[in-house]
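Asks: My structure is below; once you've seen it, I'll send some questions.
The values are calculated or read from the model by the stated rules, or taken from the named source; none is laboratory data. Note that the structure is a prediction, hence the values are computed from the model and not measured. In this analysis, Cβ positions are derived from the backbone assuming ideal geometry, glycine residues included, and neighbour counts consider all displayed protein chains. The area values use the complete protein model at the heavy-atom level, side chains included, leaving out ligands, DNA and RNA. Shrake-Rupley method; radii C 1.70, N 1.55, O 1.52, S 1.80 Å.
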Amino acid sequence: MSTPGASPPGNCKFAIPKKGRLFEKVNAMLKGSGIDYRREPRLDVALAIDLPITLIFLPAADIAKYVGEGNVDMGITGVDIVRESGVEVDRIMDLGFGKCKLCVQAPVASEITDVSTLAGGRIVTSFPDTTKEYFGPIDKEKGTETKVKFVSGSVEAACGLGLADAVVDLVETGTTMRVSVPR
């Protein structure tokens, strides 16, 4: 008897995002390439039909760590996530979707027009290493130390709640940041 969620020996363990836009695009790509699977409700592992592949559904932010530490054989996630994870992985190809950019946002009332004026301030982000790397040269030039605080989600709420002078977040369209910017 097999354990629910177990990968049969010899199967390729393939991590994919468990939800969101990236999941939708990856799922369509899998279907288009003939990788069909049946996923049981509330189970984050599925076996491909007629192929020796076990799909493992993970938060996109965790995939690089699972691949880099050898827990899964391969995965699909963003280059930014790989960079932030600090693990070594082989990048096989760009798939041409999920293009995002890292953006800095401050409240409108602060009238920030030059991001370097935020150096030495409080920044909240889900990408602390990338944010520190960005502000590092500015801090060095100005003799400041930008305080970078990690939050795992809803980064855009930080300024309105008084946690930060600005936020750094990954955006695809920027819509969420635009509608949530404090006035």
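Asks: For a quick check of your reading of the model, give me the residue pairs whose first member lies in the range 80-94 and is under 9 Å from residue 61 (Cα atoms), whose second is open to solvent by 70 Å² or more (accessible area, probe 1.4 Å) and part of a loop (DSSP other than H, G, I, E, B), with beta-carbon atoms closer than 8 Å and at least 6 apart or on different chains.
Replies: Short answer, once both residue conditions are applied: 82/91.
Asks: Okay, next question. Taking residue 117 as the residue in question, decide whether it is without any contact (Cβ under 8 Å) to a residue 24 or more places away in the chain and in a loop (DSSP other than H, G, I, E, B). I'd like the intermediate steps shown before the answer.
Replies: Details: without any contact (Cβ under 8 Å) to a residue 24 or more places away in the chain: yes; in a loop (DSSP other than H, G, I, E, B): no.
Here the answer is no, as residue 117 does not meet what is asked.
Asks: Please return the ranges of helices (runs of 4 or more DSSP H) entirely within the range 1-114 where 2 or more residues are under 22 Å from the mean Cα position of the chain (by Cα) and within 18 Å of residue 127 (Cα to Cα).
Replies: 60-68, 79-85
Asks: For the range 1-36, which residues satisfy the criterion of being farther than 30 Å from residue 171 by Cα, free of Cβ contacts under 8 Å to residues at least 24 places away in the same chain and surrounded by 14 or more Cβ atoms within 10 Å (Cβ to Cβ)?
Replies: none
Asks: Let me ask you something else. Could you please find all residues in the range 93-128 being surrounded by fewer than 17 Cβ atoms within 10 Å (Cβ to Cβ), modelled with pLDDT of 90 or more and of a type in the set (A, V, I, L, M, F, W, C)?
Replies: Correct list: 115 only.
Asks: Starting from the range 130-152, keep only residues that are in contact (Cβ under 8 Å) with a residue 12 or more places away in the chain, then list their pairs with residues that are among the acidic types (Asp, Glu) and assigned to a loop (DSSP other than H, G, I, E, B) whose Cβ atoms are within a distance under 8 Å, requiring at least 6 positions of separation or different chains.
Replies: From the range 130-152, the pairs are 139/145.
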